[in-house]
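Chemist: One structure follows; several queries about it will come next.
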Amino acid sequence: MPVWRVAALAGYPAIIIIALVLGQPQWRALAMPLLAIALVGPWPASLPGRALLVLTLGLALAVIAWPSLALWPPGLICLSFAAWFGVSLLPGRRPRIQQFATLALEAHQEHLPVDSDRWLRGWTWLWTLALTAFALVALLLAWQDRASLWLLWVVAGMPVLMITLLLGEHYLRRWRFPEQPRWSALYFLRTVARIQPGHLKP
C-alpha cells in the first residue's frame, strides 16, 4: 500500500480524535479531503476520481455546519462492500469468498478442493451479513454523533472482528479440508492482503 494512502487513512481518524479532544467538532471537516485521497489518490487520473476530490471540498463545508456527517463515510463504505459481497451470490456468479480463495491458492500454485463450493458460498453469506451489521452499527453511532464510541468501533472494533472472522474461516477450513496447504495465520493474512478488489470479477 502506498505511503500516501496509509498517511491519509491514518489522518482521517486522527483529525476526528483531535476535534474530539479540543471540543471543536467543526474541525472534522479537515478529514474529508484526506478520506477522498485515501480512496482515489492525491492526483487521480480519472474524471470520477477528480470529481470525488472536488465533491469532498463541498462536503467539508457541509461538515462545518453538520459535524456528524464526517462520521458517516466508514459505515457507507462498509455497507458498499457488503453489497459487493452480496451481489456475488446472485445466480450465475461466483461467490466473493470463492474468488478470493481461488486467487490466494493460485498465487502459490494450489487449487480449491472440488467439494468446496457450498462452504465458500456459506462464508460469502456470512461476510455479507457481518459487513452489513458492522456498517449499521457505525452508521447508527454516526447518526447519533457519538464520536467516542464511533472511534472505538471503527478504529478497533471493526478491524478486530474482521481479522477474527478471517482467521476463524482460515482455521475451520484447515479442519474441513485437511488436504489443503496448512499456512500459518500470518502467511494467510499476508496472502489475502495482496489481493485487491480490482483483481476480482464484478
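The values are calculated or read from the model by the stated rules, or taken from the named source; none is laboratory data. None of the values given here were measured: they were computed from a predicted structure. FYI the Cβ positions are ideal-geometry reconstructions off the backbone, even for glycines, and counts take in every protein chain you see.
Chemist: Kindly establish whether R118 is within 30 Å of W27 (Cα to Cα), without any contact (Cβ under 8 Å) to a residue 12 or more places away in the chain and not hydrophobic (A, V, I, L, M, F, W, C). Steps first, please.
Modeler: Values: within 30 Å of W27 (Cα to Cα): no; without any contact (Cβ under 8 Å) to a residue 12 or more places away in the chain: yes; not hydrophobic (A, V, I, L, M, F, W, C): yes.
No; evaluated as a whole, the condition is false for this residue.
Chemist: Scan segment 107-122 for residues that are of a type in the set (D, E, K, R) and within 23 Å of R190 (Cα to Cα) and jot them down. Before the answer, list the steps.
Modeler: From segment 107-122, those of a type in the set (D, E, K, R) are 110, 115, 117-118, 121; that's our starting set.
Scanning segment 107-122 gives E110, R121.
Chemist: While we're here: What do you reckon, is S80 among the hydroxyl-bearing types (S, T, Y), in the same structural domain as A138 (by TED's automatic domain parsing) and out of contact with any Ser or Thr (no Cβ under 7 Å at 6 or more places or on another chain)? Before you say what the answer is, go through the steps one by one.
Modeler: Working: among the hydroxyl-bearing types (S, T, Y): yes; in the same structural domain as A138 (by TED's automatic domain parsing): yes; out of contact with any Ser or Thr (no Cβ under 7 Å at 6 or more places or on another chain): yes.
Here the answer is yes, as S80 does meet what is asked.
Chemist: Return the total of residues in segment 110-128 being outside any loop (DSSP other than H, G, I, E, B), of a type in the set (S, T, N, Q) and over 17 Å from the mean Cα position of the chain (by Cα). Lay out the reasoning, then the answer.
Modeler: Within segment 110-128, the subset outside any loop (DSSP other than H, G, I, E, B) is 117-128.
With of a type in the set (S, T, N, Q) added as a condition, the list becomes 124, 128.
Among the residues that remain, those that are also over 17 Å from the mean Cα position of the chain (by Cα) are: none.
Of the residues in segment 110-128, 0 are outside any loop (DSSP other than H, G, I, E, B), of a type in the set (S, T, N, Q) and over 17 Å from the mean Cα position of the chain (by Cα).
Chemist: Out of the residues in segment 1-18 meeting the condition of being touching a residue at least 60 places away in the same chain (Cβ under 8 Å) and over 16 Å from the mean Cα position of the chain (by Cα), tell me which one is nearest to L71 (Cα to Cα).
Modeler: Here the residue is I16.
Chemist: Here is a list: R182, R173. Which entry is surrounded by 14 or more Cβ atoms within 10 Å (Cβ to Cβ), farther than 30 Å from I17 by Cα and either among the charged types (D, E, K, R) or touching a Phe, Trp or Tyr at 6+ places or on another chain (Cβ under 9 Å) (or both)? Outline the logic, then answer.
Modeler: Values: R182 fails: surrounded by 14 or more Cβ atoms within 10 Å (Cβ to Cβ).
Being surrounded by 14 or more Cβ atoms within 10 Å (Cβ to Cβ), farther than 30 Å from I17 by Cα and either among the charged types (D, E, K, R) or touching a Phe, Trp or Tyr at 6+ places or on another chain (Cβ under 9 Å) (or both) holds for just one of R182, R173, which is R173.
Chemist: Out of everything in segment 28-51 that is in contact (Cβ under 8 Å) with a residue 24 or more places away in the chain, part of a helix (DSSP H, G or I) and of a type outside the set (A, V, I, L, M), what residue ends up being farthest from W150 (Cα to Cα)?
Modeler: P33
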